[in-house]
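Some notes on the structure that comes next.
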């Protein structure tokens with residue numbers, strides 16, 4: 001497993017793969033929530049729009065890879081990794097929202113996200 005992330009380049013592609021996996025899980029849990037939850041109207045148009053948005057996001061995130069090389073001293077790769085981790089965080093948050101819609105208790109994860117968000121907001125204000 002370590003050999004998959006032993007270089008900066010491999011780490012970037014590994015993180016992008018995690019994002020794509022999270023996108024698939026997000027789409028599937030969102031579709032399932034729309035099917036199961038009577039308060040959510042299931043529309044194929046919304047699903048297709050979601051797929052198009054995710055494909056566009058992957059295209060944009062992939063486009064950032066060659067751009068990151070243009071910045072000097074590895075700054076671009078570091079910035080790219082931060083962008084990817086932030087995007088992965090939002091995908092995970094969306095998955096948790098879908099779990100909520102499915103009736104699965106996500107209180108433990110919500111508390112973690114709130115504490116993590118508060119810590120980041122306090123650091124940003126300094």
Search result, residues across segment 16-48 that are in contact (Cβ under 8 Å) with a residue 24 or more places away in the chain and over 16 Å from residue 102 (Cβ atoms)
16, 18, 19, 20, 22, 23
Kindly list, by first and then second residue, each pair from a residue in segment 76-95 that is free of Cβ contacts under 8 Å to residues at least 12 places away in the same chain to a residue that is in a helix (DSSP H, G or I), limited to pairs with Cβ atoms under 8 Å and residues at least 6 apart or on different chains.
76/67; 76/68; 76/69; 76/70; 79/68
Which of the residues spanning segment 78-116 are at pLDDT below 80 and under 15 Å from the mean Cα position of the chain (by Cα)?
113
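The values are calculated or read from the model by the stated rules, or taken from the named source; none is laboratory data. These numbers come from a predicted model, not from an experiment. Every residue, glycine among them, receives a Cβ derived from its backbone with ideal geometry; neighbour counts consider all protein chains shown.
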